[in-house]
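Taking it in order: structure first as structure tokens, then the write-up.
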Amino acid sequence: MEKSGRREFIRELHACASQTAEDVRDRFGLDFVGVSIVPDGSAPILTWQYAAGSTTENYALIHLPEGVGALGKVQKLRRGIVVNSVEDDIPQGELFQYPIIVAEALSSFFSFPLMEDGDLRVILICATRFVRTFDEVACGLIQQFAATLFSLEPCGEAPLLVHGKQEGFAYTEITHRLLQAQEDERRRIARELHDGISQEILVAQIELRKLGYLPQEEWPAAVDAVSGRLRDVIAHISAIARALRPAALDELGLVAALEALCATMQKAFGVPIEVEAEDPGPLGADREIALYRICQEAVSNACKYSGADAVEVALAVRDGILTLRVADDGAGFDPARPQAKGSGLGLGGMRERAGLVGGDLAIESVPGFGCTVTLSMALGGSR
């Protein structure tokens with residue numbers, strides 16, 4: 001198909017998507033139908049662009065990478081998936097991977113692709129807010145009806161019936177490690193508050209009580225000592241707060257915070273770090289922290305372990321996609337067999353952190369030729 005014809009075809013898909021969602025919903029007695037147009041056959045970030053039966057507009061705020069959620073799994077598998085009971089088939093701890101379920105309070109769903117000459121063009125989700133069985137006959141009828149309305153074709157493969165304990169919906173190892181890390185961090189902060197700060201405040205309290213027994217001429221020196229101890233307490237509390245959310249994000253903004261972070265690391269490790277960053281505008285606290293921490297982890301790994309002579313950090317926005325890129329000229333590695341080096345949760349942790357805020361993390365590396373870590377995140381309504 002020529003380029004002009006392709007553009008017209010995609011426009012036609014968008015033009016009929018909203019009405020098609022309504023027609024499918026009414027024809028099969030569904031509570032919710034969502035539609036995503038995928039003009040190039042795949043996309044780094046997927047969204048539900050049209051819906052029928054939505055309770056709010058939150059469905060449009062969902063942005064998912066391939067492999068995550070109903071959208072991402074259908075794109076990756078190129079076939080439909082069926083969840084007949086969300087409560088039984090998706091563990092509670094995995095629901096965050098399916099934001100559409102939470103946003104629309106769904107109980108059962110069938111999500112599937114529609115094709116054009118073997119290329120994916122549209123993904124739909126058909127769902128109810130009560131438990132319903134989407135058997136093979138029902139799925140076939142729904143697919144054929146939607147395909148006819150879109151002038152597309154069903155994928156040709158039977159949908160995958162998902163049972164959480166069998167099809168990989170159980171906690172991944174990295175999710176477990178993230179939760180464990182959060183719990184470890186809580187315990188660390190509790191220890192610091194109890195063993196450090198509370199003890200320092202207790203000593204200051206005792207020193208203040210001593211004032212009543214000291215000659216008046218000794219009060220200024222004693223007050224100075226207590227003031228110094230309280231300044232240490234304030235500094236300690238500030239350090240804990242910075243560990244939870246970098247103060248630079250609030251004081252300077254994201255771009256300046258990243259520049260300050262890289263300047264600090266350059267000084268600490270002696271590795272030149274070049275930063276080119278444009279202001280992406282307001283992203284929300286969760287996304288800013290994720291960007292900051294992923295940059296921190298990637299730069300730290302490059303400086304500590306790669307033997308790099310230089311590191312480059314770039315933050316840019318193009319066509320509604322924010323991209324953070326950290327590249328080094330170090331030793332590189334085989335991404336299929338990453339070494340268990342690095343602070344925190346390493347590469348897997350960065351991927352998980354990116355996924356939790358609707359981003360996608362790609363790692364490109366060849367032994368002897370450096371490494372590039374790229375975070376991609378759709379903006380738009382998700383800011």
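The values are calculated or read from the model by the stated rules, or taken from the named source; none is laboratory data. Since the model is a prediction, treat every value here as computed from it, not as a measurement. Glycine also receives a Cβ, built like all others from the backbone with ideal geometry; neighbour counts cover every protein chain displayed.
Could you please let me know if residue 17 is of a type in the set (Gly, Ala, Ser), part of a helix (DSSP H, G or I) and outside the structural domain of residue 321 (by TED's automatic domain parsing)? So residue 17 fits the description; yes.
Applying the set (1) under 16 Å from residue 377 (Cα atoms); (2) buried (at least 19 other Cβ atoms within 10 Å of the Cβ); (3) without any contact (Cβ under 8 Å) to a residue 60 or more places away in the chain to residue 67 leaves exactly one unmet item: (2).
Test residue 82 against the criterion of being modelled with pLDDT of 90 or more, in a strand (DSSP E or B) and over 19 Å from residue 13 (Cα atoms), and give yes or no. It would help to see each step written out before you state the result.
Numbers: modelled with pLDDT of 90 or more: yes; in a strand (DSSP E or B): yes; over 19 Å from residue 13 (Cα atoms): yes.
Yes, satisfied.
Only one entry in 181, 190, 221, 225 is modelled with pLDDT under 65, among the small types (Gly, Ala, Ser) and in a helix (DSSP H, G or I), namely 181.
Scanning region 1-53 for residues that are closer than 30 Å to residue 362 by Cα and of a type in the set (Phe, Trp, Tyr) turns up 48, 50. Of the numbered criteria (1) modelled with pLDDT under 90; (2) surrounded by 15 or more Cβ atoms within 10 Å (Cβ to Cβ), the one residue 95 fails is (2). Among the residues of region 74-89, is any buried (at least 22 other Cβ atoms within 10 Å of the Cβ), assigned by TED's automatic domain parsing to the domain that holds residue 23, under 16 Å from residue 48 (Cα atoms) and touching a helix residue (DSSP H, G or I) at 6+ places or on another chain (Cβ under 6 Å)? No, there is no match, as no residue in region 74-89 is buried (at least 22 other Cβ atoms within 10 Å of the Cβ), assigned by TED's automatic domain parsing to the domain that holds residue 23, under 16 Å from residue 48 (Cα atoms) and touching a helix residue (DSSP H, G or I) at 6+ places or on another chain (Cβ under 6 Å).
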